Amino acid sequence: MVLSSAPHSLSKIYQGQFSSIAKDARSLKLLDWNIERGLQMAGIAAAIESQKPDICILQEVDLNARRTGHRNVAEELARKFQLNYVFGVEFQELSQGSRDAPAYHGQALLSALPIRSSYILRFVNQSEFWQPRWYLPNWQTLQRRLGGRMALVVEIEAG
């Protein structure tokens, strides 16, 4: 695994602070979930509500994608449950946004605890299957993307 440079929009980390709760960090409840872009927001919110996790680790999260109503899925969930969040961009979804309002897909972490720092660890050795090709149309079904697989590394203040 090696870090690589990425265009600014692909290296940006979005974040928000909506939690004002001081949580006892001796015992934490974690939820780790591939939320399939956030297509079923009501079901996702209901599951988070029923489980009441202190930390949500979410994969396949959309930001401004047409398929999820141009929502900022991570921020919307963080606001609803009064959690802090960070969202790291994995891909720019070329068929889901526009030149003026690009769409992104990535990973997010929501936390009742304060988030100290975060960064993206972008993997260098990976498939280029998703990369756009001049001979392929930019159809939604082909999921043409810029970017690549990554890990979102987050440091949380836990007492």
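Might you tell me the accessible area per residue for the range 38-116, computed with a 1.4 Å probe and given in Å²? Display every interim value, and only then the final one.
Values: 3170 Å² over 79 residues.
That works out to 40 Å² for each residue.
Which loop trypsin sites (Lys or Arg not before Pro) in the range 43-113, with loop taken from DSSP, have no more than 10 other Cβ atoms within 10 angstrom of their Cβ? Present the calculation step by step, with values, prior to reporting the outcome.
Numbers: sites: Arg66, Arg67, Arg71, Arg79, Lys80, Arg99; in loops: Arg71, Arg99.
Answer by residue number: Arg99.
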| request: Counting other Cβ atoms within 10 Å, keep those with at most 16, restrict to DSSP loop, and tell me which trypsin sites (Lys or Arg not before Pro) in the range 20-63 are left. | output: Arg26, Lys29
| remark: Excluding ligands, DNA and RNA, the carbon-plus-sulfur percentage of the accessible area of the range 38-96 with a 1.4 Å probe reads 48
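The values are calculated or read from the model by the stated rules, or taken from the named source; none is laboratory data. Fair warning: this is a prediction, and the values are worked out from it, not measured in the lab. Please note: Cβ atoms are built from the backbone with ideal geometry, for glycine as well, and neighbour counts cover all protein chains shown. These accessible areas exclude ligands, DNA and RNA; they are computed on the full protein's heavy atoms, side chains included. Shrake-Rupley method; radii C 1.70, N 1.55, O 1.52, S 1.80 Å.
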